[in-house]
Amino acid sequence: MHLSDDHFTLFGLPPRQALDRADLDARRRELQAQVHPDRFAHEGAAAQRLAMQWAVRVNEAYACLKDPLSRAAYLCELRGVAIDAERNTAMPGAFLMQQMAWREALDDAADAPAVERLDAEVAAQQKRDLEALAVLLDEKNDTPASAAQVRALMFVARFRQDIARRLDTLDPTR
């Protein structure tokens, strides 16, 4: 293991979008057991600092790989295609129309059940889009199209955060 290894290499996993979460979790536990700073308490401050670096590195890699959207963005970057979401906001017209319809539905939702129905609809579409993204990355190896799909899914994720905030205002006990 090297601190400079990519996340997949660090975890001993193939660089794919489709990952078994149980395998990822098990590998994290194994790595954390190997690099935990307490294991190096008797070896002095330098060894503990290095162990801390490793523990942070494992946690960062795990955080990226456990989230399907972060993992997809990372894969695109590894394959040489930048997501560049801040500057590249071009989206297909149909996607933009869907976003506008969802925004209007959120604005029009009068109560928590209506917002929850919208969230369920958006979550179902998000799931379908993530499945399509896995096909683009793992089967078709179409990284440019994958990057575009990642950017679209980033919009969907932000919209779901807006839905959650709206639900919090309608039902503060959530």
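Annotation for the range 78-88: at least one member residue is of a type outside the set (G, A, S), outside the structural domain of R29 (by TED's automatic domain parsing), touching a residue at least 24 places away in the same chain (Cβ under 8 Å) and assigned to a helix (DSSP H, G or I).
Out of R151, R160, R165, which single residue is over 29 Å from A22 (Cβ atoms), surrounded by fewer than 18 Cβ atoms within 10 Å (Cβ to Cβ), basic (K, R) and at pLDDT 95 or above? Selected residue: R165, the only one of R151, R160, R165 that is over 29 Å from A22 (Cβ atoms), surrounded by fewer than 18 Cβ atoms within 10 Å (Cβ to Cβ), basic (K, R) and at pLDDT 95 or above.
Taking first residues from the range 124-141 that are within 13 Å of A18 (Cβ to Cβ) and partners that are assigned to a helix (DSSP H, G or I) and among the polar types (S, T, N, Q), the Cβ contacts under 7 Å between residues at least 6 apart in sequence or on separate chains come to A132/Q149; L133/S146; L133/Q149; L136/S146; L136/Q149; L137/S146. Residues of the range 34-66 that are over 22 Å from K140 (Cβ atoms) and under 11 Å from the mean Cα position of the chain (by Cα): Y62, A63, C64, K66. Within the range 1-45, the set of residues being assigned to a helix (DSSP H, G or I) and among the acidic types (D, E) comprises D23, D25, E30, D38, E43.
All of (1) surrounded by 15 or more Cβ atoms within 10 Å (Cβ to Cβ); (2) touching a residue at least 40 places away in the same chain (Cβ under 8 Å) hold for R103 with one exception: (1). Among the residues of the range 106-118, count how many are among the hydrophobic types (A, V, I, L, M, F, W, C) and free of Cβ contacts under 8 Å to residues at least 24 places away in the same chain. Of the residues in that region, 2 qualify.
Against the test of being within 21 Å of the chain's Cα centre (by Cα), exposed (fewer than 12 other Cβ atoms within 10 Å of the Cβ) and either under 27 Å from A152 (Cβ atoms) or not basic (K, R) (or both), the options R79, R87, R71 yield a single qualifying residue, R87. Does the range 41-48 include one or more residues that are surrounded by fewer than 16 Cβ atoms within 10 Å (Cβ to Cβ) and either among the basic types (K, R) or modelled with pLDDT of 95 or more (or both)? No, there is no match, as no residue in the range 41-48 is surrounded by fewer than 16 Cβ atoms within 10 Å (Cβ to Cβ) and either among the basic types (K, R) or modelled with pLDDT of 95 or more (or both). Of the residues making up the range 126-148, those that are more than 20 Å from L65 (Cβ to Cβ) and either modelled with pLDDT under 95 or within 16 Å of the chain's Cα centre (by Cα) (or both) number 2.
Selection of first residues in the range 27-54 that are touching a residue at least 40 places away in the same chain (Cβ under 8 Å) and of second residues that are surrounded by 13 or more Cβ atoms within 10 Å (Cβ to Cβ), restricted to Cβ pairs under 7 Å at least 6 apart or on distinct chains, gives the following pairs, ordered by first then second residue: W54/V35.
The values are calculated or read from the model by the stated rules, or taken from the named source; none is laboratory data. Bear in mind the structure is a predicted one, so any value in this text is a computation, not a measurement. No Cβ is skipped: glycine too gets one built from the backbone with ideal geometry, and neighbour counts run over all protein chains shown.
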